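One structure is given here, and the rest of the page talks about it.
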Amino acid sequence: MSNTLLYPLLRDGEPPAAAIERPASRSPFILLADHAGQRIPAQLGDLGLPAGEIDRHIGWDIGSLATAQLLSQYLDATLIHQRYSRLVIDCNRTPGIASSIPEISEHTRIIRNIGVTIEEAEARRAEVFQPYHDLITQTLNRRRDSGQPSVIISMHSFTPSFKNNDRPWQIGTLFNRNPAFASQLIELLQQDSSLNVGINQPYAMTDATDFTLPFHAERRQLPYVGIEIRQDLITQQAGQEQWAHRLATLLPQVLATLNGAK
C-alpha cells in the first residue's frame with residue numbers, strides 16, 4: 001500500500017483533532033482524555049486494519065470518554081479530548097519514538113503505519129497531535145493568568161487482560177515525580193475493601209511511556225493523577241455513571257485534604 005499523501009492530512013469537513021467541553025469552568029479540575037476517539041482521517045482509509053480492529057482497545061480507550069464526560073458534568077470541570085485514534089498517532093507518546101505511530105499493537109500489524117515517511121509522520125504530528133496539546137497549553141495558560149488553580153486528571157481505560165495475563169485491578173493510579181495527589185487518592189480508594197487499586201499499574205508512568213502528564217503537569221508543578229479504569233467496568237452507561245460519581249466524590253476530598261495540609 002502506498003504511503004503517498006496529499007496534504008493537508010485532514011480534509012474539509014473532517015472534525016478538528018481536539019475538542020473542549022466546559023471551557024469557562026471555574027472548577028480547579030481539568031480533565032484530559034488522550035485516547036478518547038477512534039476516528040481515522042479519510043486519506044488513511046482503514047490503516048490496513050482487519051475489520052473490527054479499530055473498535056478494540058488498540059484503537060481507543062473504550063469507555064474513557066463517556067466516563068470523563070460524566071465526570072466533567074458532575075464536577076462542572078473543563079474536559080479536553082482527542083477525536084482521532086491512537087493508531088493514527090498516539091497523543092500520549094513523544095513524537096518520533098516507535099510507539100508514537102505504532103507498526104504493531106498487541107498482536108495486530110498496522111499496515112498503513114509501516115514505512116511511514118518523515119513527511120507523513122510530520123503531518124500526523126502537526127494536524128492530530130499538536131492541536132490537542134496546544135489546546136491544553138492554551139487552556140492551562142489562560143487559567144494560570146487569571147489566577148485559577150489547575151489540577152490535571154488524565155482519564156484512560158485498560159483491558160481486563162493483556163497478552164493472556166489477567167489484570168486484577170479495577171482502577172489504576174499513575175504518577176511519577178509529584179505523587180502527592182495520587183497518593184491521597186489511593187488512600188481514599190483503598191478504604192473501599194471491594195477495590196483492588198493499582199499503584200502505577202497496569203503500567204508505571206515514565207517519560208518514555210507518557211507525554212501528557214510529564215509535559216503539562218510535571219513541568220508546571222501542578223497536582224495531577226493518571227486514572228486507568230478497567231474497561232469492562234465502563235463499557236456500559238451504568239458503570240460509567242458509577243465510576244464518574246465515585247471520582248466526583250473523591251477528587252474534591254483529595255484536594256481539600258492537600259490544601260488543608262499546606
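Side notes on the structure shown:
- Per residue Cα convex hull volume in Å³ - calculated over region 218-262: 82 Å³
- Cα point-scatterer Debye curve for region 11-80, base-10 log of I(q)/I(0) at q = 0.12, 0.13, 0.16, 0.19 Å⁻¹: -0.41, -0.47, -0.66, -0.82
- The phi-based Karplus calculation (6.51 cos²θ - 1.76 cosθ + 1.60; θ = phi - 60°) puts the 3J(HN,Hα) values of region 61-72 at 8, 4, x, 5, 5, 4, 5, 5, 5, 5, 5, 4 Hz, whole numbers, x for Gly and Pro.
- For region 1-121: accessible area per residue (Å², 1.4 Å): 43 Å²
- With the simple model of a label 7 Å out from the Cα in the direction of the Cβ, residue 106 to residue 11 spans 3.0 nm.
- Antiparallel beta bridges, as assigned by DSSP with both residues in region 1-127, represent about 55 percent of the total such bridges.
- 5 angstrom amide H check on residue 198, placed H, neighbours 5+ away: 170, 171, 172, 173
- The equivalent ellipsoid of region 1-143 has semi-axes of 28, 17, 12 Å, largest first, where each one is the square root of 5 times an eigenvalue of the Cα gyration tensor.
- Cβ-Cβ distance of residue 208 and residue 165, R₀ of 25 Å, FRET efficiency by 1/(1 + (r/R0)^6): the value works out to about 0.75.
- If you sort 145, 76, 12, 34 by accessible surface, 1.4 Å probe, largest first, the order is 12, 145, 76, 34.
- Sequence-separation-based contact order of the chain, relative, with Cα cut under 8 Å and 6+ spacing, percent: 24 percent
- Within the accessible area of region 213-262 (1.4 Å probe), percent carbon and sulfur: 50 percent
- FRET efficiency, residue 55 to residue 194 (Cβ-Cβ, R0 25 Å, nearest 0.05): 0.25
- For the chain, the normalised intensity computed at q = 0.17 Å⁻¹ comes to -1.39 (log10 of I(q)/I(0), Debye sum over alpha carbons, equal scatterers, no solvent).
- In the frame of its principal axes, region 82-152 has Cα extents of 47, 26, 20 Å, reported largest first.
- With both labels modelled 7 Å from their Cα along Cα-to-Cβ, the residue 118 to residue 98 distance reads 2.1 nm.
- Rg ratio (alpha-carbon, reference 2.2 N^0.38 Å) - region 136-262: 1.09
- Solvent-accessible surface of protein heavy atoms, probed at 1.4 angstrom with all chains present, puts 153, 114 in the order 114, 153, largest first.
- Accessible area ranking (1.4 Å probe, heavy atoms, ligands and nucleic acids excluded), largest first, for 220, 39: 39, 220.
- Those chymotrypsin sites (Phe, Trp or Tyr not before Pro) in region 1-77 that DSSP places in a loop and that have at most 11 other beta carbons within 10 Å: none
The values are calculated or read from the model by the stated rules, or taken from the named source; none is laboratory data. If you're wondering where the values come from, they're calculated on a predicted model, not measured in any experiment. Note that we place each Cβ from the backbone using ideal geometry, even for glycine, and neighbour counts take in every protein chain shown. In case anyone asks, the SASA skips ligands and DNA or RNA and just uses the protein heavy atoms, side chains included. Shrake-Rupley method; radii C 1.70, N 1.55, O 1.52, S 1.80 Å.
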